[in-house]
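**Q** Questions regarding the structure given below will be posed in turn.
Just so you know, all these numbers are worked out from the coordinates, no wet-lab data involved. What you see is a predicted model; the values in this text were computed from it and never measured. Here Cβ is always computed from backbone atoms with ideal geometry, including for glycine, and neighbour counts include all displayed protein chains.
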Amino acid sequence: MRWGVVTFPGSNDDHDTVHAIGAVLGEPVVPLWHEDRDLHGVDVVVLPGGFSYGDYLRPGAMARFSPIIESVATFAERGGFVWGICNGFQVLCEAGLLPGALIRNRDLRFICRMARIRVEETDTAFTCRYARSALLSLPVKHGDGCYVADHETLEQLEHNRQVVFRYVDPSGAASDRGNPNGSLANIAGICNAERNVLGMMPHPEHAVEALCGGDDALEMFKSVSQAIRQGLPHRQSLAISDR
Amino acid sequence: MRARVYVTRKQAVLDPQGKAIEHSLHALGFAEAQDVRLGKFIEFALEGSDTDRARQRVDEMCRALLANGVIEDYRFEIE
């Protein structure tokens, strides 16, 4: 199996993501360039964190028109795994591959600290090795991480169990106190209805080595590997939808 | 021709920056300022002279890039 990590102008977590996959997880990973259309036969595409195109206009607004995003959209449509982290999540929302949008943090400050999140769903390729309701410590570092969506979209997300991660307080409750950026329903990460595209604001690539503050997210990378190796049906429609 | 596009946060969506500006205005004694919303102003020149066509094209630009319909509304002037 092979991983691909996209670099946009202004990406800055692409190298850490490549390190997490190549050096820590020990799997083949190829860098992908935003101007490429060829995904080089990868099994999963990661859109990393950073400030693509300087966050001009809106975070992710420019990157979504990169040639590679067209290929990523087709790849996702065919059931390929796509993982957007931080700016990658913003790009996926702007591209319409995930619903909703990410706006300026509630308190208007750039946040850079550890956040506690709860694994809400384990029937995704990204979380299949976790126990339901597992609590993880992952770094967050963003200025525009407040997830918003209209009422109908939120209902649909909850109904289809697309909320994969929620911010929680130290007791594990999805309270206002545990919500670092004001995200709707404490949402830290969501997947699409088909469950093969995941977007999340916290940074798993920075939480894979105990030496660097914790390895709570290593199992996420292992989950994806396992899902691909076991041929987890990409479109396993465990999602309940009445639409 | 020139186009002037105004992009504003939808009423239903939080606008923490507008809120902060409102607080500051109140602190400065401008208590009458209510419901402050922060938006974007985008201005550009347009080739051609067909205003109906320009209107249609600028609307397409707003939908495609200048505004995010999930969180923003837009309006524009062409002259």
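**Q** Mind checking which aspartates and glutamates have their C-alpha under 17 Å from B:LYS19, skipping anything on the same chain fewer than 8 residues away?
**A** A:ASP107, A:ASP144, B:GLU32, B:ASP35, B:GLU72
**Q** In what sequence do A:MET1, A:MET220 fall when counting other Cβ within 10 Å, fewest first?
**A** Listed from fewest to most nearby Cβ atoms, that is A:MET1, A:MET220.
**Q** Right, another one. For peptide A:100-108, what's the mean number of Cβ atoms from other chains within 10 Å of each residue's Cβ?
**A** That works out to 4 on average.
**Q** Please average, across the residues of B:64-73, the number of beta carbons from any other chain that are within 10 Å of each residue's own beta carbon, and give a whole number.
**A** 5
**Q** Let me ask another. Residues of A:53-59, mean number of Cβ from any other protein chain within 10 Å of their own Cβ, rounded to a whole number?
**A** 2
**Q** Given H placed on each backbone N at 1.01 Å, which residues far from A:GLY178 in sequence or on other chains put an amide H within less than 5 Å of it?
**A** A:ASP169
**Q** Hey, another quick one. What fraction, in whole percent, of alpha-carbon pairs in chain B exceed 14 Å separation?
**A** Every Cα pair in chain B considered, those over 14 Å come to 65 percent.
**Q** Still on this structure: Would you kindly calculate the translational diffusion coefficient of the protein assembly as shown, applying Stokes-Einstein with the Kirkwood radius from alpha carbon pairs, for 37 °C and a viscosity of 0.692 mPa s, and quote it in µm² s⁻¹ without decimals?
**A** Value of D from the Cα-based Kirkwood radius: 159 µm²/s.
**Q** Using Cα positions and a limit of under 22 Å, work out the lysines in reach of A:LYS222, with same-chain residues fewer than 8 apart set aside.
**A** none
**Q** Let me check against my output: what whole-number percent is the relative contact order of chain A, with C-alpha pairs under 8 Å and at least 6 apart?
**A** Relative contact order comes out at 20 percent.
**Q** Could you please state, rounded to a whole Å, how far the C-alpha centre of segment B:1-71 is from the C-alpha centre of segment A:29-79?
**A** 28 Å
**Q** Note the angle between two axes, namely the Cα long axis of helix B:51-61 and the longest principal axis of the Cα atoms of chain B, as a number of degrees from 0 to 90, rounded to the nearest 10.
**A** 60 degrees
**Q** Also: Read phi for every residue in segment A:96-109 and hand back ³J(HN,Hα) as whole Hz from Karplus 6.51 cos²θ - 1.76 cosθ + 1.60, θ = phi - 60°, with x for Gly and Pro.
**A** For segment A:96-109, the Karplus curve yields x, 7, 9, x, x, 7, 10, 10, 3, 3, 3, 8, 6, 9 Hz.
**Q** If you don't mind, another one. Which value in deg cm²/dmol, rounded to the nearest 500, describes the helix-derived mean residue ellipticity at 222 nm for chain A, given -39,500 (n - 2.57) per DSSP H run of n ≥ 4 and division by the residue count?
**A** -5500 deg cm²/dmol
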